[in-house]
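To start, the structure under review is shown below, and the notes come after it.
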Amino acid sequence: MVLQSSQIEEFRGHFRGDVLLPGDNGYESARKIWNGMFDRRPGIIARCVGTSDVIHAVNFARENSLLIAVKAGGHNSAGNAVCDDGIMIDLSLMRRVNVDPKNKTARVDAGALLGDLDHETQLYGLAVSGGGIVSHTGVGGLTLGGGFGWISRRHGLAIDNLISAEVVTADGKLLTASADENPDLFWGLRGGGGNFGIVTSFQFRCVELGPQIYSGLIIKKFEHAKRYMQFHRDFVRGLPDEMTVWMVVRHAPPLPFLPQDVHGKMVVIIPFVWLGDEAEGARLIQPIRDATPSHGEAIGMNSWVAWQSGFDGLVEHGARNYWKSHHLRELSDGCIDRVIEFADSMPSDEIEVFIPHMEGAPSRVPDTATAFAHRKTPFLLNIHTRWRKTQDDEPCLAWARDFHQVTEPFAQGVYVNFLSDEGEDRVKAAYTPEVWDRLVELKKKYDPNNLYRMNQNIKPA
């Protein structure tokens, strides 16, 4: 639909934030998102500064039949934060975090980034569990899909620590979703993504943490990858919830503690976080150090805020990204063989194969308590394909899709936040049939015309 200038001026007259059109100052930077694969041009960008702006933008979009894209952190692989020709409802100016240290809660605006949340909560020695691993990730999108991080094995997913949310529904109403108010909506928001409304603020429970945590990186030699992975899959499952140990297969970045001749070589990186006494943490990870030879390590007491942003440089904005992912029923020998096989043929030095160990507290929440359905799978596999040049699109995409296909026999569903644009059947794989049917009914109730469809979409049909 082509908007008339009079319609836009009327919209501007009721809007407190910035309304940007193509050619306006700030338009080009506002339309950019993390994934450089997407170069879309919205017809109008509504940069909200408060909830009333969001309501006004939703009503304007609905009345003028505009496609809506919602940008918070803009970090999702699928590029859903930006659309062509419609309206981008940009929440990125709404970044306040208000901490209540007495009750150990935090009220978080929809556009806040993980770094905003960490800096404000750490003023009081607190943190929100499930808050991701990259500081420029948006809290909103992360939470609505589930949200896991370094301390979620001990303290639960982001959705397990969500107390309430303020939601603008498709009809422009502002609702509170909590265990007591609109509990069906609260259930669906916790794992169902942005299908049911635009969340303008979240209230979370906090946990005591930091400011220093025992953590580090151990860089294993790739020639022993199979032996290490066989050890890893069994060892980490016996660790206490306070210990989180992940695995990343990639070319070695230029880490200062690695010899220069290791930079760029294929390695297995073992990052970990321990929530406890340093000596006990060192004892628990010693078998990892001993399992196979290492190139180097950096281990010690680290600032929580610094640790949370320590991986930002590997995933900065602007590169081309494509993710394919599974929950893994097991990290079997066959799966390990496929990981090593495809690691040997990576078409870009920036690709990483991310295999976090899950379980812990989230696995003890009933499968239907929230819309996050796959709680008991022990591992995830995220094939994070990343490159710079458009001429490399074809080999990088083909490599990721082939890798994903050969690991399907070991899979059980997918984490919705790790989906690219893969179609409805793949979205359904993020949920069990029982949860999916319930989500469809919820969509019929809160968004019967599918106004919010630039997401991992659940159709009201």
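The values are calculated or read from the model by the stated rules, or taken from the named source; none is laboratory data. Note that the coordinates shown come from a computational prediction; the quantities given were computed from them, not determined experimentally. Don't worry about glycine lacking a Cβ; one is built from the backbone with ideal geometry, like all the others, and counts go over all protein chains shown.
Working carefully through the options R95, R62, find the one that is in a loop (DSSP other than H, G, I, E, B), surrounded by fewer than 24 Cβ atoms within 10 Å (Cβ to Cβ) and modelled with pLDDT of 95 or more. Outline the logic, then answer.
Values: R62 fails: in a loop (DSSP other than H, G, I, E, B).
R95 is the lone residue from the list that is in a loop (DSSP other than H, G, I, E, B), surrounded by fewer than 24 Cβ atoms within 10 Å (Cβ to Cβ) and modelled with pLDDT of 95 or more.
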| message | I want to confirm something. Restricting to the range 38-56 and keeping residues that are buried (at least 17 other Cβ atoms within 10 Å of the Cβ) and touching a helix residue (DSSP H, G or I) at 6+ places or on another chain (Cβ under 8 Å), which single residue is nearest to K173 (Cα to Cα)? | response | H56
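Any idea which of G281, G264, G276 is touching a residue at least 40 places away in the same chain (Cβ under 8 Å) and in a helix (DSSP H, G or I)?
Values: G264 fails: in a helix (DSSP H, G or I); G276 fails: in a helix (DSSP H, G or I).
That would be G281, the only listed residue that is touching a residue at least 40 places away in the same chain (Cβ under 8 Å) and in a helix (DSSP H, G or I).
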| query | Which one is surrounded by the fewest Cβ atoms within 10 Å (Cβ to Cβ), of the residues in the range 344-384 that are among the aromatic types (F, W, Y) and in contact with a strand residue (DSSP E or B) (Cβ under 6 Å, 6 or more places away or on another chain)? | reply | F354
| request: For the range 147-258, please list each of the strands (runs of 3 or more DSSP E) lying entirely inside it that holds at least 1 residues being buried (at least 23 other Cβ atoms within 10 Å of the Cβ), among the small types (G, A, S) and modelled with pLDDT of 95 or more. | output: 162-168, 174-178, 212-221
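Does G132 satisfy the condition of being at pLDDT below 95, touching a Gly at 6+ places or on another chain (Cβ under 8 Å), of a type outside the set (D, E) and surrounded by 23 or more Cβ atoms within 10 Å (Cβ to Cβ)?
On the way: at pLDDT below 95: yes; touching a Gly at 6+ places or on another chain (Cβ under 8 Å): yes; of a type outside the set (D, E): yes; surrounded by 23 or more Cβ atoms within 10 Å (Cβ to Cβ): yes.
Spelling it out, G132 is indeed at pLDDT below 95, touching a Gly at 6+ places or on another chain (Cβ under 8 Å), of a type outside the set (D, E) and surrounded by 23 or more Cβ atoms within 10 Å (Cβ to Cβ).
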| request: Could you please let me know if V19 is of a type in the set (V, I, T), outside the structural domain of S135 (by TED's automatic domain parsing), part of a strand (DSSP E or B) and without any contact (Cβ under 8 Å) to a residue 40 or more places away in the chain? | output: yes
| request: Kindly list, by first and then second residue, each pair from a residue in the range 204-230 that is without any contact (Cβ under 8 Å) to a residue 60 or more places away in the chain to a residue that is buried (at least 21 other Cβ atoms within 10 Å of the Cβ) and part of a helix (DSSP H, G or I), limited to pairs with Cβ atoms under 8 Å and residues at least 6 apart or on different chains. | output: none
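Sort out which residues of the range 1-56 are polar (S, T, N, Q) and more than 21 Å from G318 (Cβ to Cβ), and write them in order of number.
The answer is Q4, S5, S6, Q7, T51, S52.
When the residues of the range 398-418 are filtered to those that are of a type in the set (A, V, I, L, M) and in contact with a Ser or Thr (Cβ under 7 Å, 6 or more places away or on another chain), which remaining residue is farthest from G141 (Cα to Cα)?
My answer is A400.
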| said: Among the numbered criteria (1) in contact with a helix residue (DSSP H, G or I) (Cβ under 6 Å, 6 or more places away or on another chain); (2) over 30 Å from D333 (Cα atoms); (3) surrounded by fewer than 19 Cβ atoms within 10 Å (Cβ to Cβ), which one does R438 miss? | reply: (1)
| said: Checking the structure you have, find out if any residue of the range 108-120 is surrounded by 21 or more Cβ atoms within 10 Å (Cβ to Cβ), under 21 Å from L275 (Cβ atoms), within 20 Å of the chain's Cα centre (by Cα) and acidic (D, E). | reply: yes
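Confirm whether A461 is among the aliphatic types (A, V, I, L, M), at pLDDT 95 or above and part of a loop (DSSP other than H, G, I, E, B).
Details: among the aliphatic types (A, V, I, L, M): yes; at pLDDT 95 or above: no; part of a loop (DSSP other than H, G, I, E, B): yes.
The answer is no for A461.
What about I288, is it in a helix (DSSP H, G or I), surrounded by 17 or more Cβ atoms within 10 Å (Cβ to Cβ) and modelled with pLDDT of 95 or more?
Values: in a helix (DSSP H, G or I): yes; surrounded by 17 or more Cβ atoms within 10 Å (Cβ to Cβ): yes; modelled with pLDDT of 95 or more: yes.
Taking the combined requirement at face value, the residue satisfies it.
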| query | Which residue out of A81, A69, A57, A30 is part of a helix (DSSP H, G or I) and closer than 27 Å to G146 by Cβ? | reply | A57
| Does any residue of the range 330-343 turn out to be in contact with a helix residue (DSSP H, G or I) (Cβ under 6 Å, 6 or more places away or on another chain), of a type in the set (K, R), surrounded by 15 or more Cβ atoms within 10 Å (Cβ to Cβ) and not assigned by TED's automatic domain parsing to the domain that holds S178? | yes
| message | Need pairs with beta-carbon distance below 7 Å; first residue within 18 Å of E208 (Cβ to Cβ) and within the range 287-308, second crowded, with 18+ Cβ neighbours inside 10 Å and aromatic (F, W, Y); sequence gap 6+ or separate chains. | response | M301/Y214
